[in-house]
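Single-structure report; data block below.
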Amino acid sequence: STLIFLHFSCVKPQYIAMACCVKAPVACINARRHALGTSDRSPRALGPRARQGLSEVSLSRRASTSLVASKTRFTTVAVASNQGSFKVSFPGSEEELLSQVQTSVQAILADGKSLVEVEIPLFASAGPGVGNGDCNAISEYNANQKMLRDFCELFEWLGQADRVRVFFPDSGECSIALNGVGLNPVSGQWAQDATFHTWPGPIDYLLRDDLLTQTMNKSYGYAALPEEMRGKREVEERAQVEDLLYVIGYPYDNDDEMLQVMRLWDKFARRTIVFNGGLDNIRTGFYPFGAKKKMKNDFLPKFDTAYYIHQFRSTSRPGMLFRAYPGPWRVLRSLPGGGYECVEEFETKPTLRDVALKYFSGPTQTASVATVDEVAELSSDNTLYYKRLGVPRDVAQDKLVEAYRSMVKTTHPDMGGDPMVFYEVNKAYAVLKNPEKRALYDIHGERWVDEQ
């Protein structure tokens, strides 16, 4: 076997233990268990996905040499230290993607992180495909469930699956995971085989399973859950002291799902991995009071990101914000001939707005980009947003939509407009199109955004 290592700017012993791919799979898996502080049970043979994940080569911008690894599917390239950008490798299949995710998750757990985020798109044959919320919800759930099952193989390889509790968003998804489901044209559900029926650990769900939910599940053709799992009222009812870790599967459709995750954390403080939770939607959402405000302001900032991909679908040069722990946050931009180049690195996560404006707003990669040196103080002026859309304060909602569509045609960067003006137009419309937000703006001006 080829000996390959991960190259980080600061290499810790546990990363070396996790990254070395040696001839003896038993030695490799024991090294990873030692790094994670787990018991030395009789190890299983290391699967092919794990071997690929451990052989990933992560290149630093300061590197100036080329690492060549035969018989691997990852691309390694030379990096010149005097270049402003450099070409990077990226997984070419869902299997390679999950390999990198599993390696990063092991590294972040070895570092003692307790709340972990994994956010990846559904993979298409040509690369990263749609993100959550881009297509029919049930189709996304099906695809997410299969990816979640492949990811969870990690804990079977480590001999820990019997103590890893996997939570699904609701009892319906839990039923599909355990029993599969047939085709249902009414609900849009495709036929799907069971995915977690062989899972050796506990299976659970977040939202309550009341009579109405059970009736709806039956109408959708979902098989009934085992009797001991039915009728759960509180998320923590079936949690056990023996649980080592929680894996939360794709709780992005309903804010209440992540509220239940917060409840679990408050009660048990178990290590938790949120897989495709769409946490950016909550981070940018409007929650002025109550539990959801606490979730946004207090709970989500506690998360550390193990693996993250957010795609930017620019018409000129699409790309993504990418992070694989413990590496930096990277802005990757697609190359005309295929592949990606890294155009900037960050130690902490940048805002999606800043990345979009700087690299994915203009018609070409060399176009000038609007920048803001100082953040403008929010104003109490309650007419500014109306002026940006060119409408009076008493404008009807249908006329507001017409004005916005007309304004977008002239301000969009792809039409030669100023990216910052385009951003301000969309910012104003995002508030005024919502009757509740518009009412608050009419009273307080844009200061209410900061206050809330």
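Summary of computed values
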quantity	calculated
Every pair of residues 6+ apart whose Cβ atoms lie under 6 Å, when the first sits in the range 425-445 and is at positive phi and in contact (Cβ under 8 Å) with a residue 24 or more places away in the chain while the second is polar (S, T, N, Q) and open to solvent by 10 Å² or more (accessible area, probe 1.4 Å)	G445/S379; G445/S380; G445/N382
Filter result (open to solvent by 20 Å² or more (accessible area, probe 1.4 Å) and assigned to a loop (DSSP other than H, G, I, E, B)) within the range 319-334	Y325, P326, P328
Inter-residue pairs, beta-carbon under 9 Å, first without any contact (Cβ under 8 Å) to a residue 60 or more places away in the chain and in the range 291-312, second assigned to a strand (DSSP E or B) and open to solvent by 10 Å² or more (accessible area, probe 1.4 Å), 6+ apart	F312/R333
Any hit, the range 215-233, residues being touching a Lys or Arg at 6+ places or on another chain (Cβ under 9 Å), free of Cβ contacts under 8 Å to residues at least 40 places away in the same chain and either within 25 Å of D255 (Cβ to Cβ) or open to solvent by less than 10 Å² (accessible area, probe 1.4 Å) (or both)	yes
Residue among S380, S406 that alone is open to solvent by 50 Å² or more (accessible area, probe 1.4 Å) and not in a loop (DSSP other than H, G, I, E, B)	S406
Evaluation of G337 against (1) within 29 Å of F168 (Cα to Cα); (2) open to solvent by 30 Å² or more (accessible area, probe 1.4 Å); (3) in a loop (DSSP other than H, G, I, E, B) (one fails), failing number	(1)
Residues of the range 182-235 satisfying the condition of being of a type in the set (S, T, N, Q), over 25 Å from the mean Cα position of the chain (by Cα) and not in a strand (DSSP E or B)	S187, T198, T213, Q214, T215, N217, S219
Any hit, the range 248-259, residues being touching a residue at least 60 places away in the same chain (Cβ under 8 Å), under 27 Å from the mean Cα position of the chain (by Cα) and part of a helix (DSSP H, G or I)	yes
Counted residues, the range 261-312 - those being assigned to a helix (DSSP H, G or I) and among the β-branched types (V, I, T)	2
Residue, surrounded by the fewest Cβ atoms within 10 Å (Cβ to Cβ), within the range 236-247, restricted to residues that are within 23 Å of D210 (Cβ to Cβ), free of Cβ contacts under 8 Å to residues at least 60 places away in the same chain and not basic (K, R)	E237
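The values are calculated or read from the model by the stated rules, or taken from the named source; none is laboratory data. What you see is a predicted model; the values in this text were computed from it and never measured. Here the Cβ is made from the backbone with ideal geometry for all residues, glycine too, and neighbour counts use every protein chain on show. These accessible areas exclude ligands, DNA and RNA; they are computed on the full protein's heavy atoms, side chains included. Shrake-Rupley method; radii C 1.70, N 1.55, O 1.52, S 1.80 Å.
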